[in-house]
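Below is one structure, written out as structure tokens; comments come after it.
Only the coordinates and a few stated rules stand behind these numbers; no lab work does. Quantities reported herein were computed from a predicted structural model and do not represent experimental measurements. Because the Cβ atoms are built from the backbone with ideal geometry, glycine has one as well, and the counts that use them run over all protein chains shown.
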Amino acid sequence: MRKQQGFTLIELVVVIIILGILAVTAAPKFINLQGDARVSTLQGAKAAIQSANSLVYSKAALAGEEKNPLGSVDIGISDGAADPSNLVATVYGYLAGTSSAIEHAASFESSEWEVNDVSNGIVKIQQIGAPDLCFFEYKQATATSLPTFSSKNADGDVISFPVAADC
């Protein structure tokens with residue numbers, strides 16, 4: 001009689017059980033889909049602000065406001081008459097670092113976003129219900145610099161943008 005070689009059914013079942021246990025415990029640590037989704041949402045919000053800033057700066061340049069430390073531009077579509085509800089505050093032609101300017105220009109819904117003034121010229125943007133470290137800040141332009149975006153990690157260090165682990 002020839003001796004058969006191979007794995008027994010019990011050995012295969014044990015290997016499958018071990019792989020299942022590893023998958024259940026290890027996979028969630030490597031796959032953070034909710035954090036990735038929140039970071040993508042924040043990147044979309046940042047892009048909305050950048051797009052609004054491009055349009056605001058274009059209108060400010062046309063109005064001769066791009067070198068003015070404090071100004072305003074009409075971001076609405078109008079028939080030539082000034083509409084106060086369409087005015088947005090600017091600093092050197094870019095969106096002012098105020099929650100009202102950011103919310104109005106980027107069309108953030110107050111039911112979905114927290115847009116808060118942090119300090120003079122800095123606004124914190126965070127999705128409602130997101131963890132504390134899942135945010136970014138908009139800092140208004142100065143006479144020598146363009147507007148910037150940044151965030152902070154758990155140690156309080158300034159980083160360019162939050163990562164999925166923070167969200």
Using a Förster distance of 45 Å, how high is the FRET efficiency between I10 and I128, based on the Cβ-Cβ distance and rounded to 0.05?
-> 0.30
Rounded to the nearest 500, what is the chain's calculated 222 nm mean residue ellipticity when only DSSP H runs of at least 4 contribute -39500 (n - 2.57) each, over all residues?
-> -12500 deg cm²/dmol
Efficiency of FRET between D117 and A26 - r from beta-carbon atoms, R0 35 angstrom, step 0.05 | 0.25
For Rg and Dmax of the Cα atoms in Å, which listed value, [x] 33.2, 125; [y] 25.2, 101; [z] 15.1, 43, comes from the coordinates shown?
-> [y]
Using only Cα atoms, find the angle between the long axis of helix 9-30 and the longest principal axis of the chain, and express it within 0 to 90 degrees, rounded to the nearest 10.
-> 20 degrees
Taking other Cβ within 10 Å of each residue's Cβ, how do D36, D166, D157 sort, fewest first?
-> D157, D36, D166
The chain: angle of helix 33-63 to the longest principal axis, Cα-based, in degrees nearest 10 | 20 degrees
Neighbouring Cβ atoms within 10 Å as the yardstick, rank T98, T90 fewest first.
-> T98, T90
Sum up the lysine pairs in the chain that clear both bars: alpha-carbon distance under 21 Å and a spacing of 8 or more or different chains.
-> 10
